[in-house]
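Only one structure is covered here, and it is reproduced in the block below.
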Amino acid sequence: MSKDLQDEDLCSLARTVSVVGDRWSLLILGDCFQRVRRFEDFLDRLGVSRAVLSQRLQGLVDSFILTRVAYQQNPTRYEYRLTPKGLDLYPLIMAMQHWADVHMTGRKGRPALHVHHRCRHQFDPVMVCSECSEPLIAKEVSMIPRPGGAAKRASSSTHFFEGDEASANLWTEHETKAG
């Protein structure tokens, strides 16, 4: 993406895509969440060229998604570990894997299943509301423009509230609290 990451004209989604939106960065992150950490292991698993892998890893380090930790001296070799900022991308990676499992699998089915260690059950990731714990459905969610958003995008978002009394009330309550 040509715009600077801190550009106020970028929406949250565009800012995220500018950091992790290419194929190799996403695949690297997927491997990181499977505890792959070393350059050679990424190479073996992904089949990416050394140059592209180096570039993507450096970009993820520069964006504070990964950190380099030396694991060997003479020559110095590094592992790439997720930072707290990188760990926050886990729901995104899980959602993408789940989408592919639902929409892109053939007759053989899913390539892998997820097991939650605490309850020991296989699961599908589900996004829920942080307030009521109900599953989130796109038609039941709207966005409230905020000062941190670009003016041109915020003004186009107000259509969510036109003729929708419940959303208009939420907007008023939210602005009163934030004000």
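Report, by residue number, each residue of the stretch 94-110 that is of a type outside the set (A, V, I, L, M, F, W, C), farther than 30 Å from residue 64 by Cβ and either in the same structural domain as residue 67 (by TED's automatic domain parsing) or in a helix (DSSP H, G or I) (or both).
103
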Response to the item:
Across the stretch 54-65, the tally of residues that are within 15 Å of residue 22 (Cβ to Cβ) and either of a type in the set (Phe, Trp, Tyr) or within 19 Å of the chain's Cα centre (by Cα) (or both) stands at 8
Worksheet item: Among the residues of the stretch 57-68, which ones are farther than 13 Å from residue 32 by Cα and charged (D, E, K, R)?
Response: 62
Fill in: Tally, over the stretch 101-124, of residues that are more than 17 Å from residue 34 (Cα to Cα), within 22 Å of the chain's Cα centre (by Cα) and among the hydrophobic types (A, V, I, L, M, F, W, C)
2
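Being part of a loop (DSSP other than H, G, I, E, B), over 18 Å from residue 34 (Cα atoms) and not aliphatic (A, V, I, L, M) is the filter here; which residues of the stretch 125-140 pass it?
Pass one, the stretch 125-140, residues part of a loop (DSSP other than H, G, I, E, B): 125-127, 129-134, 136-137.
Now restrict to residues that are over 18 Å from residue 34 (Cα atoms): 126-127, 129-134, 136-137.
Answer for the stretch 125-140, where residues must be part of a loop (DSSP other than H, G, I, E, B), over 18 Å from residue 34 (Cα atoms) and not aliphatic (A, V, I, L, M): 129, 130, 131, 132, 133, 134.
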Item to complete: Sort through 63, 49 and tell me the only one that's of a type outside the set (Val, Ile, Thr) and out of contact with any helix residue (DSSP H, G or I) (no Cβ under 8 Å at 6 or more places or on another chain).
Response: 49
Worksheet item: Quick one: which of 75, 91, 145 is surrounded by 10 or more Cβ atoms within 10 Å (Cβ to Cβ) and assigned to a loop (DSSP other than H, G, I, E, B)?
Response: 145
Response to the item:
Restricted to the stretch 15-44 and to residues being within 21 Å of the chain's Cα centre (by Cα) and under 24 Å from residue 75 (Cα atoms), the residue surrounded by the fewest Cβ atoms within 10 Å (Cβ to Cβ) is 35
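The values are calculated or read from the model by the stated rules, or taken from the named source; none is laboratory data. On a predicted model such as this, the values are computed, not experimentally measured, just so you know. Cβ: placed from backbone, ideal geometry, glycine included. Neighbour counts: every protein chain shown.
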